[in-house]
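The values are calculated or read from the model by the stated rules, or taken from the named source; none is laboratory data. All values reported here derive from a predicted model rather than from experimental measurement. FYI the Cβ positions are ideal-geometry reconstructions off the backbone, even for glycines, and counts take in every protein chain you see.
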Amino acid sequence: MQQRWSIDELIDLWTLLPAETELLRNKTGPTRLGFAVMLKAFQHEGRFPYNAHEVPDPVIDYVARQVGVPASEYPAFNWRNRNSTYQRQDIRAYCGFREFSVDDAELLTVWLCQTVVPREARPGAVLEATMT
C-alpha cells in the first residue's frame, strides 16, 4: 500500500459509498476511522493492513475527512483486539467473503487435480492457479 497517491487515485479507491458509510453509523472516533480504512483497504487489496503504519498518511487524511474524525485519532485504533476481529468479520461479510472451509479445500483440490495439474508441467503452476 506504500505508494504516492494522486487525488484521482484517492477518490477512485478510497471514497466511501453511501452503503459503506451506513456501516459506520454506530462507530465513533478511532474505531470509526479504523473501520473505514480497513474496509477500503480490504476492497482495494483483498486483505487487511497488518498495522496502522502500513497505510500512508494521505490515505488516512482522505478517509478521515470523509468520516468526520481527525486523522490524529487514527493511531489510537487497536488492530489486535476482539472488537477489530469482529469488525474484520463484518467487512468480509459485507464484501461477500467467508472463511475458507474444509469443504472448500476439498473442492479446490478436486478442481486443481482435474483442471490445472493435467495441463501444467511448470513448478508453481498449481499455486498460481489458486491465487487467481
Residue among Asp12, Asp8 that is surrounded by fewer than 14 Cβ atoms within 10 Å (Cβ to Cβ), within 17 Å of the chain's Cα centre (by Cα) and farther than 17 Å from Ile91 by Cα: Asp12
All positions within segment 71-87 that are surrounded by 14 or more Cβ atoms within 10 Å (Cβ to Cβ) and either in a loop (DSSP other than H, G, I, E, B) or of a type in the set (Asp, Glu) (or both): Glu73, Phe77, Trp79
Residue list for segment 88-132, restricted to those being part of a helix (DSSP H, G or I), over 16 Å from the mean Cα position of the chain (by Cα) and of a type in the set (Asp, Glu): Asp103, Asp104, Glu106, Glu128
The lone exception for Val63 - which of (1) outside any helix (DSSP H, G or I); (2) hydrophobic (A, V, I, L, M, F, W, C); (3) under 15 Å from Gly34 (Cβ atoms) it fails: (1)
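Could you list all residues from segment 103-131 that are closer than 30 Å to Leu23 by Cα and exposed (fewer than 10 other Cβ atoms within 10 Å of the Cβ)?
Hit for segment 103-131 is Met131, nothing else.
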Conditions (1) loosely packed, with under 12 Cβ neighbours inside 10 Å; (2) acidic (Asp, Glu); (3) closer than 23 Å to Glu99 by Cβ: number failed by Glu20: (1)
Tabulated pairs, segment 95-110, first at pLDDT 90 or above, second of a type outside the set (Asp, Glu), C-beta under 7 angstrom, 6+ apart or interchain: Cys95/Phe42; Cys95/Gln43
Pair list, Cβ < 8 Å and 6+ apart or interchain, from segment 12-25 residues that are touching a residue at least 24 places away in the same chain (Cβ under 8 Å) to residues that are surrounded by 10 or more Cβ atoms within 10 Å (Cβ to Cβ) and acidic (Asp, Glu): Leu23/Asp90
